[in-house]
Amino acid sequence: MAQFELPEPQPDPLLQLIGRYRADTRSNKIDLGVGVYKDNQNNTPVLAAVKEAEATLHQQQQSKSYLGLTGDIEFVEALGELILPATSITIMGAQTPGGSGALRLAAELYNTAHPNGTLWIGLPTWPNHLPLTESTGVKTATFNYFDRGTQQLQFEAMLNAVNSADAGDAILLHGCCHNPTGADLSLQQWQQLAELIAQRSVIPIIDIAYHGLGTGLDQDLAATRLIAASCEQTLIAASCSKNFGLYRDRTGAVYMAAHNAKTASRAQAMFGQIARKIYSMPPDHGAAVVRMILHNGSLKKLWLDELDTMVNRINSLRTEMAKQSSYLEFVAHQHGMFSLLPLTPAQVNSLIDDHAVYLACDGRINVAGCQPEQIGQFVSALNEVGYSGIE
Ligand code: LMR
């Protein structure tokens, strides 16, 4: 009888951490693993704005019939308006299953339009960026974005990559709160990069998954707005997982922001056609909730206040970590959930096995997962594994 010859499954190292942390019975365990926000009770709560919208949705929703390939279009428009408020640029897109779904559609669209193009990706990056985009058949090339030994951004290398790209190549950018380094370009650097990208006719694909969790919503979206204003066409993959706390509801959207309205509208139709061949239509619930929040003044205010609470908590943890260890000084100057500590694999293993400090295998910590009272234990554990900060 014919047998499937399937390769040994390779578990995703990041997602594997969730299970390992949950199974650990040590009461002093610290969760700096997957990029999930935690409050001071160590919970990842459903936001109050989400709860309220869900209650109304439960009362008001009359049908679960299909909406169409681009999903909840009012959600898409409301989120698009939040990302790029009224300008002469047309932003049109489709609802997607999370930010990952958005990235997949963006890469698929790019690959359809530029089958010979190369997608440039700065390293280190979110470990799924390469597999996810390459699975569309798109060719990728990498450049150095960041040196974790010195915690320095490699801006020159980034500019060199754009300079060596061909017209029609694409570059993947983290719009804010870089994952895994927390190191973002300054606004001046974004400006310089945007001009070069436009001049070289390179297509920016911006991944925004953590907007609102770095400095503030508008500040975190400033780079995306600047790039979209400078470049003829910008692809944007937006996630609502973190800033709306909708992780498992898989809520996101992909956009084409274009100076030519026809390009945006064609891209929107094409996103739908691509989705049809993969999953047909996105799940509705999270998008309906976000739409209701963004359409309702008081719910939107409640959400923005909750977002403020989250970003303030993250930034006070950053400040406190830097205060408690001079080796973590750089953490206070970085943004969003992550920093990438210059740790060896053996030090990471020892932190997990011997000190119950869970972090990604590359040394990435999710600052948002820490409790203020755990910082001392975290710093001691770092000292005990011989961590000595930057070079
Ligand atoms: C992370 O980077 O930890 C999150 O984006 C979760 C994921 O899907 O990898």
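The values are calculated or read from the model by the stated rules, or taken from the named source; none is laboratory data. Please read these numbers as outputs of a predicted model, since none were measured by experiment. With ideal geometry, Cβ positions are generated from the backbone for all residues, glycine too; neighbour counts draw on all protein chains shown. SASA here: full protein model, heavy atoms, side chains in, ligands and nucleic acids out. Shrake-Rupley method; radii C 1.70, N 1.55, O 1.52, S 1.80 Å.
Structure data summary
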quantity: Given 51/301; 51/277; 139/262; 301/323; 242/300; 242/301, the pairs whose alpha carbons are separated by over 24 Å; calculated: 51/277; 139/262; 301/323
quantity: Check: the stretch 239-304 dipole with +1 on Lys, Arg Cβ and -1 on Asp, Glu Cβ, in debye; calculated: 100 debye
quantity: Formal net charge of residues neighbouring residue 139 (Cβ-Cβ distance under 15 Å; K, R +1; D, E -1); calculated: -4
quantity: Cut-off 15 Å between beta-carbons: net charge of the residues surrounding residue 196, Lys and Arg +1, Asp and Glu -1; calculated: -4
quantity: Charged-residue dipole, Cβ positions (Lys, Arg, Asp, Glu), the chain about Cα centre, Debye nearest 20; calculated: 680 debye
quantity: Residue-wise HN-Hα coupling along the stretch 123-136, computed from phi with Karplus coefficients 6.51, -1.76, 1.60 (Hz; x: Gly, Pro); calculated: 10, x, 9, 3, x, 8, 4, 5, x, 5, 6, 5, 5, 7
quantity: Lys/Arg +1, Asp/Glu -1 at C-beta; the chain dipole; positive extreme among 82, 32, 193; calculated: 82
quantity: Gyration tensor (alpha-carbon) shape descriptor, the stretch 1-127, a/c threshold 1.5; calculated: oblate
quantity: Computed FRET value (nearest 0.05) for residue 64 with residue 140, which takes r as the C-beta separation and R₀ as 30 Å; calculated: 0.20
quantity: Gyration tensor verdict on the stretch 268-358 (Cα atoms; rounded if a/c is under 1.5, prolate if a/b is larger than b/c, oblate otherwise); calculated: oblate
quantity: Computed [θ] at 222 nm, helices only, for the chain once each DSSP H run of length n ≥ 4 contributes -39500 (n - 2.57); calculated: -14000 deg cm²/dmol
quantity: Probe 1.4 Å - accessible area at residue 52, Å² to nearest ten; calculated: 100 Å²
quantity: Normalised alpha carbon radius of gyration of the stretch 50-298 [divisor 2.2 N^0.38 Å]; calculated: 0.97
quantity: Karplus (6.51, -1.76, 1.60) ³J(HN,Hα), θ = phi - 60°, over the stretch 26-32, in Hz, Gly and Pro reported as x; calculated: 5, 6, 9, 5, 10, 9, 10
quantity: Exposure of residue 276 as accessible area (Å², to 10), given a probe of 1.4 Å and all protein chains; calculated: 140 Å²
quantity: Unit charges on C-beta of K, R, D, E only; dipole of the stretch 37-110, Debye; calculated: 220 debye
quantity: Between the stretch 111-137 and the stretch 166-200, the alpha-carbon center distance in angstrom; calculated: 15 Å
quantity: Environment charge at residue 21 (Cβ cut-off 12 Å; Lys +1, Arg +1, Asp -1, Glu -1); calculated: +3
quantity: Exposure ranking of 90, 44, 112 by accessible area [1.4 Å probe, largest first]; calculated: 112, 44, 90
quantity: Residues with amide H under 5 Å from that of residue 341, placed H, sequence gap 5 or more; calculated: 364, 365
quantity: Segment residue 384-residue 112, length gained on full extension (0.36 nm per residue, minus Cα span); calculated: 92.8 nm
quantity: Rounded to the nearest 10 Å², the accessible area of residue 37 at probe 1.4 Å; calculated: 10 Å²
quantity: The stretch 131-248 shape via C-alpha gyration tensor axes, a/c threshold 1.5; calculated: rounded
quantity: Most to least packed among 125-137, 347-359 [average Cβ atoms within 10 Å]; calculated: 347-359, 125-137
quantity: Accessible-area order (highest first, 1.4 angstrom probe) of the listed residues 146, 4; calculated: 4, 146
quantity: For the stretch 283-339 and the stretch 362-391, distance of Cα centres in Å; calculated: 20 Å
quantity: Probe 1.4 Å, all protein chains present, accessible-area order of 247, 145, largest first; calculated: 247, 145
quantity: For the stretch 50-298, accessible area per residue (1.4 Å probe, heavy atoms of protein chains only), Å²; calculated: 40 Å²
quantity: Amide H within-cut-off set for residue 170, under 5 Å, with H built and near neighbours excluded; calculated: 118, 119, 120, 203
